[in-house]
Each structure stands twice: as structure tokens, then as C-alpha cells.
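Scroll down for the structure; my scribbles are underneath it.
The values are calculated or read from the model by the stated rules, or taken from the named source; none is laboratory data. Owing to the predicted nature of the structure, the values given are computational and were not obtained by experimental measurement. Cβ placement follows ideal geometry from the backbone for every residue including glycine, while neighbour counts extend to all protein chains displayed.
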Amino acid sequence: MIIHILGGGAGQLSAIRRCRSTGLTSFVTDMNLDAPGCLLADYCSAASTFDAEQTIAAARDFQARTGSKIDALIVTGTDQPVLTAALTAEALGIEYFLDSARAALVTNKKVMKERLASAGIPAAAYCFIAPGFDDSELEGLQFPVVVKPLDSQGQRGVYRLESAAEVRMRIDEVLGYSRCSDILVEEYYPSDEITLSGWLIGGKLHIFSVTDRVTIENPPSIGVCIAHHYPSKYNSRLPEIRRLTEDIIKTFGLTEGPVYFQYLIGTVSSACADSHDRRGGIIINETACRLGGAYEDQFIPFITGVDILDLMIKLSCGREADADSAELLSAADLHPGRVVSLQMFFCAEGLISSLSGMAEARELSGVIDGAFLLEPCTEVRSRMNSGQRAGYFIVCCGSQAEADEIVKQAYSLLRIDDENGLNMIQYYDKMLFGGNK
């Protein structure tokens, strides 16, 4: 069986390795043929995961060259290729768990926001503008605002701005991350962020995890994630989070497969889409139907016992979850006494001379994985989006205090040195449970 995996980056390596270990043939498309997944895959071709026409052409060329039929498509760890996969599946007559219309709902912010608004789902007040916009088009929104491309990911082109003049100054830059002709402008909502990972079977939601998504700002850039903490400090609001998630699922007509939703939980008074003050209110920020890009395929099995990568492959191949997985799914909400601290660290500006300590950090009790994502001689620039992440490691244990101690030990070992021998790794107290109260 041949599995077409869209993307060959760090977020797809687990899927590629799983194909190899289970006897499945992997065909990877990525615009960078030097991506680690391309080197690991059985076959690879050059095609942007954002470009459906390129991906369809590459898939057809692969089938013609090999005389073999692609049996399934998989997207993990990345948002926009979900639409590319749906369009490719339709063009090639391959079964996929989303049609292109539903895939557009979870990948294009214009389609997404309009559908959410029509259903009365709480979200930040917004409008869409194009170059040459008139200031009057922003009337009704309170500054500061957040501007976003309609069809990008990883916080690329996402900025908090204080005036219409700043929006005008940034709009072309934002469009540089997009294939669309307009951008999204939202009211800034002072908040904490959480991420929900779950799975749908026959429209029924099974929640795997709700994590605190710890972010850092480098104005005007915002929302860049540096850690995920499980369990969330907002666990007491899980019933409310579940109801809102189920409302969105119903609104979008989703029935099968992964859901990966990001919510904002208000910390001060702010206006929302319904124009009511929602102090502490939960509003939807992003929706996706794929395995998360925060290494959830590695830590969710620790939390729940559910192998979500196995579920994803079976779903993509048109097979149902086996009885054991179905039983685990039914109990997925019940997993006390398990703690996860995912660390996703960045570097200060400078030229990387050497990297060390990851092998030692991975040997620490409780660390289940970790890797550097940059290489020596990389010129690190000011942090603007997740594409500049320097590395990660995952801690799984039994208490928040234990997790914090392991995280501290790991950072004491890790080094990314510049030409002067200074450690460039950026570490913040809020990356600990104890610093994110």
C-alpha cells in the first residue's frame, strides 16, 4: 500500500517512519528535496504542500513512473496541506476523510470566520481588507488589532498593530505569506491560549488533551508558541470547552478524524463578534483537522494510551479503528496523574557555531524525545514565527513539580553557542508550570 505524505519536515517524520516500520510504502512531496523526510521516504518528488496543482501533477507523475496507484494521503503537523490533500484526493479518485469544501473551512480564515459568524460561534470581531483600503473599513473594530494572512500557518505574517496607519504599512508584508488578495483584521483579545486535540467517530467527539499553549511576543509579532503544558490550568472549564467544540463540529459538518482547535480565554474585558463584553469568555481562534504540530503524536499516547498516528493511518486507508483503540477512545477523557511539558525553544540573534547536549538531555528520566532543528552556520534573525524554532524536547511524568525540575535539568545541558561561545538558547520562566500560573 502506497501512502502519499504531504511534507517532509520534522512534523511528518513520525508518519514516514511509521510507514516504514509497518511495511507501507511512503511517497513524500515537499518543495525542499533536502528535507529530512524526503531523505527517509521510499519515494519523493518536488511540490509545494500549499500548491494543489503541483501536488496533483507530482502524484500523477509518480503513478505513471512507477505503475503503482497511490492508496491514501496523510497530512500531519501542518495546516494548509489539508486542503491540498483533499483536492488531490478528489482529482485522483482517492478516499479522504474531508471533501475540499470542508477542508476549506478549516484552512481558509475567510471561509472559516464567515461560517462561524453565521452560526453565532464566539470569535473576535473582524473584517477583511485589501491593499488601498479606506480607514472607514476598519470602523467598528477597536485598536489594537491583529492582522493575519487568510491561508498561512505558524504565525507567519501575524502582527498586533495599534492604528490604521500601521495596518497600511504592514498589509503588503502580510499578503506576502498568502495566495489571497485580502487579509483578516481582528480585534486583539487579551487572553491565554489553549489547544484541544481530539478525534471524531461518527460525529462523536473524543478529547485527547487540552493544553495551555504558552506564547511569547516580539512586537509586533505575537502568538509564537514556546511550550505546551498538560493538564491545562483551565481544566475546570472543560465542560464549556467541550460544548463549544461540539458546536463548531456541528457547524462545519465534521464527522470523522482529527480535530485540533485553538481557543482564547479572555483575561480582561474585550469586545467579541457578538459585540458583548466577554470578560473571561472562551472564543475560537483557529480550527484544523489534522494531527497537531506540537508533537502530539508522541505525547498523546502517554496521556491516553491511544496511538493517534495509527488512527490517522487507518483513517486515511479507509479502515476503522480496531476494538482496542475504540475502547481507549471511549475513555480518552479520563487520564489523571499524567503530566506533559513540551518545550519548543528559540535562539537569540546571531550565527550558530555549535550545538551540544541534546543526547544527554534525551537520557534524562522523563524525556521521551527531543531534537535540534537548526544547524551550525545558521544565521538566526529576530524571532517572528514558528519557522525559526531552534529545537524541542518532550517531558512526560507524574507531577508538574517533577516536570519543571526535568525541564530545568535539560536546559542546563543544552547549548547552541555563537561564535563567542555564548549560549543562544532563550529560556523563560513561563515555560515552566510554576511560571505559567
In region 96-115, anything in contact (Cβ under 8 Å) with a residue 40 or more places away in the chain and touching a helix residue (DSSP H, G or I) at 6+ places or on another chain (Cβ under 7 Å) is listed as 96, 97, 98, 102, 103, 105, 106, 107, 112, 115
Exactly one of 223, 257 is buried (at least 17 other Cβ atoms within 10 Å of the Cβ), closer than 18 Å to residue 283 by Cβ, touching a residue at least 60 places away in the same chain (Cβ under 8 Å) and of a type outside the set (A, V, I, L, M, F, W, C), and that residue is 223
Going through region 152-179 in order, the residues found to be over 18 Å from residue 382 (Cβ atoms) and hydrophobic (A, V, I, L, M, F, W, C) are 164, 165, 167, 171, 175
Counted residues in region 11-69 being among the hydroxyl-bearing types (Ser, Thr, Tyr) and within 22 Å of residue 151 (Cα to Cα) come to 4
The number of residues in region 158-197 that are among the small types (Gly, Ala, Ser) and either without any contact (Cβ under 8 Å) to a residue 24 or more places away in the chain or in a strand (DSSP E or B) (or both) is 5
Tell me whether region 76-84 contains one or more residues that are in contact with a Ser or Thr (Cβ under 8 Å, 6 or more places away or on another chain), farther than 16 Å from residue 180 by Cβ and among the charged types (D, E, K, R). no
The condition of being in a helix (DSSP H, G or I), polar (S, T, N, Q) and either closer than 26 Å to residue 257 by Cα or touching a residue at least 12 places away in the same chain (Cβ under 8 Å) (or both) holds, among 88, 49, 78, only for 88
Any chance region 128-150 includes a residue that's among the small types (Gly, Ala, Ser), in contact (Cβ under 8 Å) with a residue 40 or more places away in the chain, within 23 Å of residue 82 (Cβ to Cβ) and surrounded by fewer than 22 Cβ atoms within 10 Å (Cβ to Cβ)?
-> no
Of the listed residues (407, 367, 380, 395), the one being β-branched (Val, Ile, Thr) and closer than 20 Å to residue 221 by Cβ is 380
Flagged in region 199-213 as over 13 Å from the mean Cα position of the chain (by Cα) and in contact (Cβ under 8 Å) with a residue 24 or more places away in the chain, in numbering order, are 199, 200, 201, 202, 203, 205, 206, 207, 208, 209, 210, 212
Picking from 29, 55, 22, the residue that is surrounded by fewer than 16 Cβ atoms within 10 Å (Cβ to Cβ) and of a type in the set (Ser, Thr, Tyr) would be 22
State whether the residues of region 58-69 include one that is assigned to a strand (DSSP E or B), among the small types (Gly, Ala, Ser), modelled with pLDDT of 95 or more and more than 24 Å from residue 300 (Cβ to Cβ). no
message: Within region 236-254, does at least one residue satisfy the condition of being part of a helix (DSSP H, G or I), in contact with a strand residue (DSSP E or B) (Cβ under 9 Å, 6 or more places away or on another chain), at pLDDT below 95 and within 30 Å of residue 387 (Cα to Cα)?
response: no
